[in-house]
Each structure stands twice: as C-alpha cells, then as structure tokens.
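Enquirer: I'd like to ask some things about the structure below.
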Amino acid sequence: MMPYATSIIDLFFLNKDTGFATGKGRSPLETAIILYTTDGGATWATKFINDIPSEYCWKIQKLTNRIYFASIEDLPSRSPKILRSDDGGMTWNLHIVASAPYNVEGIGFINPMHGWMGGGPNNSFESFDGGVTWRTSTLFPYMNRVFKVNDTMLFATGMQIWKYKGDGIYPEVPPQQFASLLVHPNPVNDILTINAGLMVSTRLFIQLVDASGRMVKQIENSDKPKGSYRYDVNTATLPPGAYYVVLKTDEDKLHSKIVVVH
C-alpha cells in the first residue's frame, strides 16, 4: 500500500473485488484518505483526501447501498469531524461535529438520520439529522467501533459493549481497562517520566507530539508483555509550550497533555 498510503486502519469490501480502505495518506503531509478498489486490491483510486496533515481516516460504515459514513481521527487540539457519502462512497462530504477539540475514532448509524461518533474518555456525540449537526452524549466513552445488526439493533465497543434496541442503550459488559498512562512532573523543565501499564500483552506505541500534531520524539514502538514500563524523556532542548504524550495499543488509545517550561 506504500504507493497510496503510509498506514491503513480499516477495510470494507462489498465482494472479493470491490472495497474501501481508510487510513493516512502519503508523506510528507499524511492526510486522511479513503481508497477504493475494483480489482481485489491490486490497484486503488483515491475517493477522499483531506488537506490537514497528520490525520487518519479511522472507521468506515456502509449503512445502505448509497449511504456510507467515516470518521477522521485527529489530535485533541483540533475540532472533530466525520464524512458522509450519499453515492456509494464515490464522493464524500465533511461535517464538523463540534467546535471544541476532540479525538474521533468510532462512528455508526442505525438509520440514515440517527447515529453516534466517539473516541474520547468523557463523552461521545449523537446526530439526528444524518451527521450534519451533533449533540453531546454521555454514552460510549472511548467508543471505537459500531456494528449494526439490523434496523433496530446495533452494538458499540469502547470501555463497555453497548447494545441499542431501538428504544435505548443497555450496557452489556463491565468496563475493562487495557492500558494506563501517567506522566510527571507537569509542567516539566528537564526530565519527563512516563509510566505506562499494560494489562495484556500487546503492541505498545508511545510518541511525543507538539500542539500541531507533529511528532517530536518516538519513545516506544514494539510488542510488549503485560506489565509496567517507565520511560525518561529529556525535554530540556524542546521549545517551551504544550505537547501531548500519546500512547496506543491494539486495544486502547490514551493521551496526556504536558507543558514544557524553562
């Protein structure tokens, strides 16, 4: 996939030949991208590409033969946004979800008008007009993916598994934490200590990024067994300002804002 994208996040295929892939576009901008194939993945055409660097097109949902939705994952410093297609994924319209920064991951609709998107720790969002406008919801913290079963039932995953049965949301599984992140001191002027905890064996990815989303330091990127890990990062040479420590595993994504002072 390197001729088309630097990273692929999600796939949806209609049959063995025709399907979509979402992810991050080519360097140096690495913008959100949606790719389309009609030959089983041998070649790909770009159906959407954004103009904002360091984004992922995260999840994609086929609701009907004509209506598709996709989410754009971004750093917490940018406004959340989603994509909607009304022509089978051939063209996409971008909608801003809220003015305040929020990190988007999952998206899913039960019908063309009613749906949810989420990814943050404290809230998600709900739309009743097909994704044009959104209101804050206390459901679905860390929402990652939505599975529609039929016209009256869907499941969503995050800190819990939620079941929608047409007239309400029912938590099905107790919250489970797969990773933890603690950074100190904050503010920091020299050595920043990062404590990462893994509740399962998984891939651990940690990086330090600036407020614009540019990676400043890659701290970890390897498979790790269950356990606790400590990293000491020298921030003395960094310009003063706000940064984010971003931790990702196969199960979780966490971030912590820090301020560098001198």
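Enquirer: Filter segment 62-74 down to the residues that are crowded, with 21+ Cβ neighbours inside 10 Å and not acidic (Asp, Glu), then identify the one that is farthest from the chain's Cα centre (by Cα).
Expert: Applying the filter and picking the extreme gives 68.
Enquirer: Are any residues in segment 227-258 surrounded by 15 or more Cβ atoms within 10 Å (Cβ to Cβ), free of Cβ contacts under 8 Å to residues at least 40 places away in the same chain and in a loop (DSSP other than H, G, I, E, B), and if so, which ones?
Expert: The one that is surrounded by 15 or more Cβ atoms within 10 Å (Cβ to Cβ), free of Cβ contacts under 8 Å to residues at least 40 places away in the same chain and in a loop (DSSP other than H, G, I, E, B): 238.
Enquirer: If the Cβ limit is 6 Å and pairs must be 6+ apart or interchain, which residue in segment 203-215 that is over 21 Å from residue 180 (Cα atoms) pairs with which residue that is at pLDDT below 90?
Expert: The qualifying pairs are 211/77; 213/54; 213/75.
Enquirer: Among the numbered criteria (1) among the charged types (D, E, K, R); (2) surrounded by fewer than 18 Cβ atoms within 10 Å (Cβ to Cβ); (3) in contact (Cβ under 8 Å) with a residue 12 or more places away in the chain, which one does residue 163 miss?
Expert: Among (1) among the charged types (D, E, K, R); (2) surrounded by fewer than 18 Cβ atoms within 10 Å (Cβ to Cβ); (3) in contact (Cβ under 8 Å) with a residue 12 or more places away in the chain, residue 163 violates only (3).
Enquirer: Sort out which residues of segment 1-57 are outside any strand (DSSP E or B), within 17 Å of residue 70 (Cα to Cα) and either of a type in the set (Val, Ile, Thr) or touching a Cys at 6+ places or on another chain (Cβ under 6 Å) (or both), and write them in order of number.
Expert: Listed by number, the residues that qualify are 31, 52.
Enquirer: Also: Please report, ordered by residue number, the strands (runs of 3 or more DSSP E) entirely within segment 82-134 with at least 3 residues that are touching a Lys or Arg at 6+ places or on another chain (Cβ under 9 Å), in contact (Cβ under 8 Å) with a residue 12 or more places away in the chain and under 21 Å from residue 52 (Cβ atoms).
Expert: Once the strands (runs of 3 or more DSSP E) in segment 82-134 are filtered for at least 3 residues that are touching a Lys or Arg at 6+ places or on another chain (Cβ under 9 Å), in contact (Cβ under 8 Å) with a residue 12 or more places away in the chain and under 21 Å from residue 52 (Cβ atoms), what remains is 93-96.
The values are calculated or read from the model by the stated rules, or taken from the named source; none is laboratory data. Treat the numbers as computed from the prediction; the structure is a model and nothing was measured. When we count neighbours, we look across all protein chains shown, and the Cβ atoms used for this are built from the backbone with ideal geometry, even at glycine.
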